[in-house]
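Have a look at the structure below before the remarks.
Read the figures in this text as sums done on the coordinates, not as results from a lab. Being a predicted model, the structure only gives us computed values, none of them experimental. Here the Cβ is made from the backbone with ideal geometry for all residues, glycine too, and neighbour counts use every protein chain on show.
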Amino acid sequence: MLAPSYVPLWCKSQYSFLEGASDPAELVEEAHRLGLPALALTDRDGVYGVVRAHVRARELGFPLLLGSQLTLHDGSSLLLLAQDRSGWASLCRLISAGRLRSPKGSSKVGWEEICEHAAGLIALWGGSESALVHPRAPDGVADVLRDAFGDRLYALLARHREAREVALERRLRARAARYGLPLVAGSEVLYHLRRRRALQDVLTCIRHGVSLATAGRRIHPNDERVLHSPEAFALLYQDDPEAVRRSLEVAERCRFSLADIHYRYPSEKLPDGRDSAEHLRTLTLQGARKRYPEGVPFEVSAQLEKELGVIHQLEYDGYFLTMYEIVRECRRRGILAQGRGSAANSAVCYCLDITAVDPVRMGLLFERFLSVERAEPPDIDLDIEHDRREEIIQHVYQKYGRKHAAMVANFIRYRARSAVREVGKVLGIPEVTVDRLARLASPYGGFEDQVLIDAGLDPTQPVNRSLIQLTREIQDVPRHLSIHPGGFLLGHEPVHDLVPIENASMEGRTVIQWDKEDIEDLNLFKVDLLGLGALNVLHRCFDLVREARGVELDLATIPPQDEPTFEMIRAGDTMGTFQIESRAQMAMLPRMKPRNYYDLVIEISIVRPGPISGGMVHPYLRRRQGLEEVSYPHPSLEPVLKRTLGIPIFQEQVMRLAVVAADYTPGEADQLRRDMAAWRQSGRIDRHRDRLISRMVRKGIAREFAEQVFQQILGFGEYGFPESHAASFALIAYATAWLKRHEPEAFLCGLLNAQPMGFYSPSTLISDSKRHGVVLRPIDVRASDWDCTLEPMGARAGAGATTPLAVRMGLRYIKGLHRAQADRLLEARAQACFSSVQDLAARARLDEGMTARLAQAGALAGFAEHRRDALWQSLAVEAPRDARSGQLALDGAEMPARFEGLDPFEQVEWDHLSSSHSCRGHPLSSMRAELQAQGLPDAVQLRQLEHGSEAHYAGLVICRQRPGTAGGVVFMTLEDETGLVNVVLWDRVYQQHKVVAKTESFLGISGSIQSDAGVVHLIAKKLWVPRLSQVPGKARSRDFH
Amino acid sequence: MLLRQHPDWRGLPAAVVDRDKPQGELLWVNEHARALRILPGMRYAAGLGVCRALRAGTVPEEDIQSQVAALVRQLSQASPRVEASQEEPGVFWLDADGFEFLYPSLRQWGEGLRRQLRRLGFEAVIAIGFTRFGSYAAARAGRGVQAFESPQQEEAQLRQVPLDRLGLAPRVRDRLAKLGLHTLGAFATLPEGGVRRRFGVEAQKLHQAVRGLEWAPLCPEQLTEPLVRRQLFELPEVDAERLLFLLQSFLSELLPTLAQRHEGIARLQWVLQLEDGSAHEEELSPAQPTRDEAELLSLLRLRFEAIRIESGVVELQLRVHGVAEQAEQSTLFAEAPKRNPEAARRAFAQLRAEFGNEVVQHTRLHEGHLPEAQFAWEVCEELPVARASEVRPIPLIRRIYTPPQALPPRPRHEPDGWLIAGHREGPVEEVHGPFLLSGGWWLRETARTYSYVRTRSGRWLWVYHDRFRRRWMLHGELE
C-alpha cells in the first residue's frame, strides 16, 4: 500500500543564510524525485532563493509553494505562505518592513503588522521558536491572529525525533484545541539529503561563532531535518494521519507562482501629454539629426523605424526614455558616461546619445540587442565615471523614489580561502594554522590534499579529511547579501510588492533580495549603472590639459585616426591605456599592427579566452599578414566574415553565421547565444549541435568547417566578446592611447589620480613614464597637492599649448595620510609657508607618526639635510595641538645628533616603503653593476637576444597570471629599470618551482628566448632567488587567476 | 616550550603568538624566523607574508610561569642566587661569584649549566660578564657560552650588539633602524634628552644601561622548600597508632618553624616505605591552612583508620607544605551568616581524610546532546557560596548509569514478547520513542536510538540502540 503523501511546508535553503544547507534547486529536485506533490520554500525573513527554486520547478513541472519564516519582535517566529499574488505582495511588504527597520542581516515584525497583511497568506504556527509552545500561553496573540487569518491559521506540528519535543507538542496540541486551530504535520527541513547534515552543523557553528567542540546544543541533535520521503513522514506521524493529510490541504490552498508576476516598467511623466512611444520617436529623430548633420542616411532611417517598431511592440519605450534621462543627467552634471554592451547594436541608443558607436555604419546586429521573438528586456549597461557614479545612483533613487527603485543584490559566497578559514575554525584547528593554509589555497580553485601537505598538515588525519570535504562542500554557499555594482530594478508598482527590499551596508542604499540572474530569469528590467575608471582618467586628463595648456579636449574632439598614436599602439607601448594594456594585449599588438579604429575593435576582441581557445587567433594573424589566403567556407558567409578575413571573432558573427549558414531566425540565433553562455551548466548547447552542423553541410559547407564553427561556439560560450561591446571599448581605448602619446604628463597624472584601477601598479606606471621622458617631481609638502599635479618646467610658470610640463606627485601617495590631514596641511600652507617641521606639525595638527611618514617619503626635504635628519626632527613633534596655540617649543636646548644620509638604494627603498613608488630611481638601478657582474642582462639587452638563445634574467615580478584556459601555463611580467620582460612558465616548470613562483617578488629566471615579430618572451626552465648584497623590498605584484 | 610541543618545527621558522589569531602578535621567534627578518612585535599575518612556512602557536601564561619556576629551581643547583626576569620570561641572572675557584674556568661552569638545560629540552645562551646589562645583551646576541675576561672586553662586545636582539618595543626598534642605528654602540651616540623625548622612558633606560649608568642589584628568588622529617625503623613498624604518634611528634617540631615563616599547613604528605620494597603515599589537606595541631591530628587519625598497611614500615617521611597566612581581619566585622561554611569545610576535610581526597564532588552542567555529555562530576575544591534557586517539581527521577550497561542481545519479536532486560523483568509492555541522537562526526561518530520502555515487572527502563555497536544498552531507569 502506498504511503499517504504529504507536502513539506517548512523548508529552508542555503538562502536562510548559515542555516539551511541545500540549494533551493536541490530541494526541488529531491522533492520531485521522492514523488512529493509539492514543496514550500520558506527561508528565514526572506525570499532570496525563490527564483532559483522557481526556475528548477518550472523545468521539472513541479508545484512550488512560496513563503517565509518571519521573526517577530518577541523573538518567536511564524511561517507564512503566499496563496495568491496579493498574498505575495503582502509577504514582500512585511519582510521589507521588518528588514528596513532592522540592522543589516536581521528582521523583526510585529503581530499587528502581520495581521494587517494577512490577506492572501496562510499562517502556520509552530516549531520550537514559536510562541505557541512557549511556557506562557499566547492567548492575546492567538485571538488577533485568528481574527486576521480565520481558517487560514494552522497549528504546525514539528517532529524531529527529539525527546524534548514530546512536551512541546503536548502543549501545542492543548493550545490548538483551546484556540480552535487545525493541526498540520510538518518538520523543519534544512537539507535535502542526510549527508548534508555535517555542512549544516558547520554553518550553524559559523553563525554562532563557535567551534563544533564548543557548539553544545546550538547544533541539532540528529539528522532528522532532512526532506523525508512520504513513507518516512507517514511513519513519523503514524499516530496522526489527519495532520499529514492536512499538509495537502494547505498546499491546495496556495496557488501562487512567480509566473503570476506581471511586471510593468515605470512610465515616464511626459511633456505635452504625449505617450512614451511618441516621445521616444521625437527624441530619437532629433538625435539622429544631430548625429548626421548632413542628413540622416536612408539605411539609418530604415533601421530607426525598425527599432522603434520593435521597441513599441514590446512596450519598452519607457526603458529607453529612462536610459536617455540618466545619460542626459550625466551630461548635465559634466560626468562622462557611455553605453556599452549590446545597446551599442541599437541605432536608437546611438541617436539618443546613450552609446557612441554608429551601429549602422559598423553593421552591428540589432537582434543581438532586442528581438520580438525573445521578448526579453533589453540590457543597457551604462559606464559612468567611477568617482561620480554615486551621484547618479542617488539621482535615480530621487527620481523614482525608494518604493520604485532599488538596487539589485549580489550574494557573497564562500570561495576556497574564506571556506578553509571558516571550516578550519569550526573544526577547532588553530587559527594561525588555518591562516597559513588559506594563504596556500588557490583563491578560486579546488582544495586538494597537496595544500595541506604544503602547510605541514597530514591529509589522512580525520580532522583534516573533514576539512577538505567540508571546504569543498561549502564553496559557493551564499554567506550574506551584498550589493550589485550598479544594477537597479525599477518598477511601475512599488518594488516591495514584487520582492522584499532591505538596507544595504552602504549608507543611502537599499537592495532587493534577488540578484542579477534572478532578475533575468524573471524577465524583469534592470538598469546597470557601472563605474568605469577609464572614464574617470579621461575626465581628469581633459581637466589637466585645459588647466595646464588651455586646450579643450573631450571624447568627441580627440583627433581620430592619429598616425603617431597608432604607431605607438603597434609597438605595444600601451601601458596604462584602456583594454589594450595587459601583457597579452601588448604582446599581440606588434603582430596585429592595428592601423585604424576597427582594428582596435578586433584587437580588443581577439585577445580573449574564447578566440584563443577556439584557435582563431593564429589563422586571423596569418591572413592579416598575407601569409594565408583569405577564403570562406561558403560564398554565403563572405558578408558575415569579410571584415575579419573569414575568421569568426565576434559573438554577433557566430549568430549571423547561424542565420546565414544554418537558416536560424534572428531570435533563434539569440537563443543560441544564451545557450552558449549556459552550456556548461545545462548542456543546452547540444540541442544546436546537430541542427547547426547538418544544416551547414546541407548548404555545402564542409563538415570539418561546420565542426570547427561549433567548437568555436563552445569557446565563445563563456568568454566570447560581442562586437558592440568591443566597439564601445575601442573608442575609450583609442582616447587613452592618444593622450598617452600626445599628453603623456597629463595622462600619467590622470591615471595616478584615478588609482586604484587598471592592470599595473602606480610604481610600474611611473617607471614606464620615466622611460618615455616624463619628468616626475617627488612629493614635497611645500609644493604637492592631494592629487598629482602638472607643473610647468623651468622658472617661468604659465599655461601654453607647448609648455613643457612635469608631474608633481600628490600627497595621496603617502601611505597612511588621510584626506582630512592633507586638507589641514594644504589649508595651513595656503596661509603661510612652513618654516620647519615643528611649524608644519603645529599648524597642520599632525602628530609625530604622520610627520615621520612625511619625512620617510622625502616630503620634508626642504627642512633637513637628508631624510634621516628630517625623521629625527619629526620624531620630536609632540601630540597635535590646536593651531592657535602657536608653535611647539622645545623644552630646553637639545644636543645635536648626526646621521648618515641614505645611499641611492635606500632612497628608492624608502620611497617604496612610504609611498609605493619612487621618482628617484628604480629599485634595481643601484644593483645593476652587481647584476651585470653576475652576467645578468637588463630588459633591453634581453630583448636583443636571438630567438632560441639561452638566457638568465633577474627582475621584480609585477604581474602573475594563470588563465583557466591556458592549461596550467603561468604568465609573469618582470620589470627592471629599463623595461618589462614577459616570462612563460609551462605547467611542469611551475609545479617544480611553485612556492618560489608564487611568493618571491625578486626573481631569477633561466630559460630560452622566444622572439616573434618583435615580441620577446623568456620561456622559463628554472626559477631561482638572486643572491645580491642588497635585496629590494617586496614589490606589489598584481596577480590574476 | 613551543618547540618542545612541536619537535617537527625545529627546522622551520617558528614563533610564539599572544593569541591564536592571524592578527596575533609575535612574542618570541626562533633563529630561523629571525634570519628571515620575522621579528617579535610583528603580526602573525605579516610574518606569514614574509614566509609561508612560518609556524606559530600560543603558550599559556600559567605554563610559562610554572616552567620559569621549575627552571629557577633547576638553576638553583648551579648557583644559590638566581633571579628570573619579570619582563622577559626565559631570561635568568645567576650569581657566579666564587665559582672560578670551584671550576677550572667560568666558561666550563657555564657549559655544564648549558648541558644541564639541554637535557631538559632547552637551548640556552649563556654570557658570563661583569655587569647585569652587559651579560644580558651579550646573551641576547650571542650563541653558546661566552665568558668575558675583563669589563673592557664586555663593553666592547656590548657596543656591537644589534638593537633588534633586545626586547625593544617594535616601534622604537624600527625607528632606530630607520635612523641608521643598528647597534647599541650607535644608539649610545644619541643625546640622552633626545632619546627620551622621541622614544620614551624605556629607551632612555636602555640608553643609560648601554652607557653604564643603570645599575640594579641581583634580586634572587626566595625558594621555600617544604619542611621534611624522616624516621628509619630498625625493625619494621606495624603499629599504626605508633606511626600516628610519630607523625604527631614531627608536627610538633615543625609547627614553630612554620609560625616563624607566618605560614599555615596547606598540605601534608607522607610516604611509608614498606619492607617488601614498595611505598605507600598519602596526602591530605585541612579545611583551610592552619597550624592547629589538634585539627591536623584528628584528620591524620581519620586517614590512618581508613588505610590498610600490608607489611611493616621501614621508613616514614613527612613533608609539610605551608602557605602564607591570610589576614582574617575582615571577618571580624562581618555579620555572622546563617550558614557556617567553616563547619562545612571541616566536615569535607574529615570526609576526605576518611574516604580519600576525591570523595567530595559536585555536578557541572554542560551543553551537550548525549546524556552523559550534559553533566560532569567534578572534585569540589572550594565550597561554593550557597544561592537560593527556584525549585521545580521533578515528575520523574532518572537514575543514570555510568557507563551504560550492555543488555543481552535479544530479538525484538520473540514468542514471549520483547525481553529486553531478560526473562526476570518480563517482556516490554509500553514503549515511548524512538528519539534519535546522532553526531560527533568530526571526532567519533555516535548514533543512538533512545526509548523509554516499561517491562512487565513495572520498571521503566531508559534504553538505547547503538547503531555502530549494534546492540542495546541500558542507560538508566525512571523512578
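Quick check on the stretch A:925-1040: take the gyration tensor over C-alpha atoms, sort the square-rooted eigenvalues as a ≥ b ≥ c, and tell me if it's rounded (a/c under 1.5), prolate or oblate. All intermediate terms of the calculation are to be shown ahead of the outcome.
Numbers: a/c = 1.65, a/b = 1.17, b/c = 1.41.
It comes out oblate by the Cα gyration axes.
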Cα Rg, Dmax, the stretch A:533-735, angstrom units:
19.1, 65
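Can you tell me the relative contact order of the stretch A:415-475? Whole percent, Cα pairs under 8 Å, sequence separation 6 or more.
Numbers: 67 pairs, mean separation 24.5, N = 61.
Worked out over the stretch A:415-475, it gives 40 percent.
Can you give the mean number of other chain Cβ atoms that lie within 10 Å of the Cβ atoms in peptide B:44-57?
On the way: counts 4, 4, 0, 1, 6, 3, 2, 2, 9, 7, 3, 6, 6, 3.
Across B:44-57, the average partner-chain Cβ count within 10 Å equals 4.
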Taking the Cα centre of the protein assembly as shown as origin, sum charge times position over the Cβ atoms of Lys and Arg (+1) and Asp and Glu (-1), and report the length of that vector in debye to the nearest 20.
1940
Choose one of A:494, A:466, A:483: the residue whose Cα lies farthest towards the positive end of the charge dipole of the stretch A:460-503 (beta-carbon charges +1 Lys, Arg; -1 Asp, Glu; about the Cα centre).
A:466
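If you build the Cα gyration tensor of the stretch A:51-150 and take the root of 5 times each eigenvalue, what three semi-axes come out, in whole angstrom, biggest first? Before the final figure, lay out the partial values.
Values: eigenvalues 120, 50, 38 Å².
They are 25, 16, 14 Å, listed from largest to smallest.
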In the stretch A:731-833, the trypsin sites (Lys or Arg not before Pro) that fall in loop regions by DSSP, at most 15 other Cβ within 10 Å
A:782, A:796, A:815
Partners for residue B:178 among aspartates and glutamates (Cα-Cα distance below 17 Å; same-chain residues under 8 apart left out):
A:848, A:865, A:869, A:900, A:903, A:906, A:909, A:911, B:164
Coordinate range along principal axes, alpha carbons of chain B, Å, largest first:
98, 64, 55
If a/c stays under 1.5 just call it rounded; otherwise compare a/b with b/c (prolate if a/b is bigger, oblate if not). Do that for the stretch B:2-59, with a ≥ b ≥ c from the square roots of the Cα gyration tensor eigenvalues.
oblate
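If the convex hull of the alpha-carbon atoms of the stretch B:398-478 is projected onto planes in all directions, what is the mean projected area in square nanometres?
Numbers: hull surface 21.2 nm².
Spelled out: convex hull of the Cα atoms, projected over all directions, averaged, 5.3 nm².
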Once the dipole of the stretch B:62-210 is set up with Lys and Arg at +1 and Asp and Glu at -1 on Cβ about the Cα centre, which of B:84, B:166, B:133 lies farthest towards its positive end?
B:166
Among the GluC sites (Glu not before Pro) within the stretch B:82-124, which fall in a DSSP loop and have no more than 15 other Cβ atoms within 10 Å of their own Cβ?
B:87, B:123
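Can you give the FRET efficiency for residue B:130 and residue B:45, using 1/(1 + (r/R0)^6), R0 = 35 Å, r = Cβ-Cβ distance, to the nearest 0.05?
Working: r = 42 Å, r/R0 = 1.21.
For residue B:130 and residue B:45, the calculated efficiency is 0.25.
Ignoring the sites themselves, what is the longest stretch of chain B with no trypsin sites (Lys or Arg not before Pro) in a DSSP loop and at most 10 other beta-carbon atoms within 10 Å? Kindly include the intermediate steps, with their values, before the conclusion.
Working: sites that count: B:143, B:308, B:338, B:387, B:424, B:444, B:470.
Between the exposed loop sites, the longest stretch runs B:144-307.
Please report the net charge: other residues with Cβ closer than 12 Å to the Cβ of residue A:784, K and R +1, D and E -1. Please report the intermediate quantities before stating the final value.
Working: positive: A:777, A:782, A:808, A:812, A:829; negative: A:780, A:785, A:787, A:791.
Taking every other residue near residue A:784 into account, the sum is +1.
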So the angle from the long Cα axis of helix A:651-662 to the longest Cα principal axis of chain A, reported in degrees to the nearest 10, equals 60
One finds the C-alpha centres of the stretch A:466-495 and the stretch A:970-1007 to be spaced, in Å, by 36
Given Cα positions, please report Rg to Rh for the protein assembly as shown, the hydrodynamic radius being the Kirkwood one.
1.02
Give the distance, in whole Å, between the Cα centre of the stretch A:534-591 and the Cα centre of the stretch A:1009-1027.
29
Prolate/oblate/rounded label for the stretch B:62-210 (Cα gyration tensor, a/c 1.5)
prolate
Degrees between helix A:597-606 axis and first principal axis of chain A (Cα, 0 to 90, nearest 10)
60
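Treating only the Cβ atoms of Lys and Arg (+1) and Asp and Glu (-1) as charged, compute the dipole magnitude of chain B about its Cα centre; round to the nearest 20 debye. Walk me through the numbers on the way to the answer.
Values: 62 positive and 64 negative charges, 521 e Å.
The dipole of chain B has a size of about 2500 debye.
Percent relative contact order of chain A, based on C-alpha pairs within less than 8 angstrom and at least six residues apart? Intermediate values should be presented prior to the final figure.
Values: 1919 pairs, mean separation 81.9, N = 1041.
That works out to 8 percent.
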Could you work out the mean count of beta carbons from other protein chains within 10 Å of each residue's beta carbon in B:174-187?
3
Which whole-angstrom value gives the distance between the alpha carbon centres of the stretch A:84-153 and the stretch A:282-317?
52
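Order of B:436-443, A:943-950 by packing, highest average Cβ count within 10 Å first?
Working: B:436-443: 19.0, A:943-950: 11.8.
Per-residue Cβ counts within 10 Å, averaged per peptide and sorted highest first, yield B:436-443, A:943-950.
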Calculate the mean, over all residues of peptide B:370-379, of how many other protein chain Cβ atoms lie within 10 angstrom of the residue's Cβ.
1
Report, in degrees rounded to the nearest 10, the 0 to 90 angle that the Cα long axis of helix A:666-677 makes with the longest principal axis of chain A.
80
Please sort by residue number the trypsin sites (Lys or Arg not before Pro) in the stretch A:15-121 whose DSSP state is loop and whose Cβ has at most 15 other Cβ atoms within 10 Å.
A:101, A:104
Local charge sum around residue A:546 (other residues, Cβ-Cβ under 13 Å, Lys/Arg +1, Asp/Glu -1)?
-3
Rounded to the nearest whole Å³, what is the per residue volume of the convex hull around the Cα atoms of the stretch A:325-365?
59
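Of A:526/A:699; A:994/B:21; A:12/A:403, which sit over 30 Å apart, Cα to Cα?
Table pairs above 30 Å Cα-Cα are A:526/A:699.
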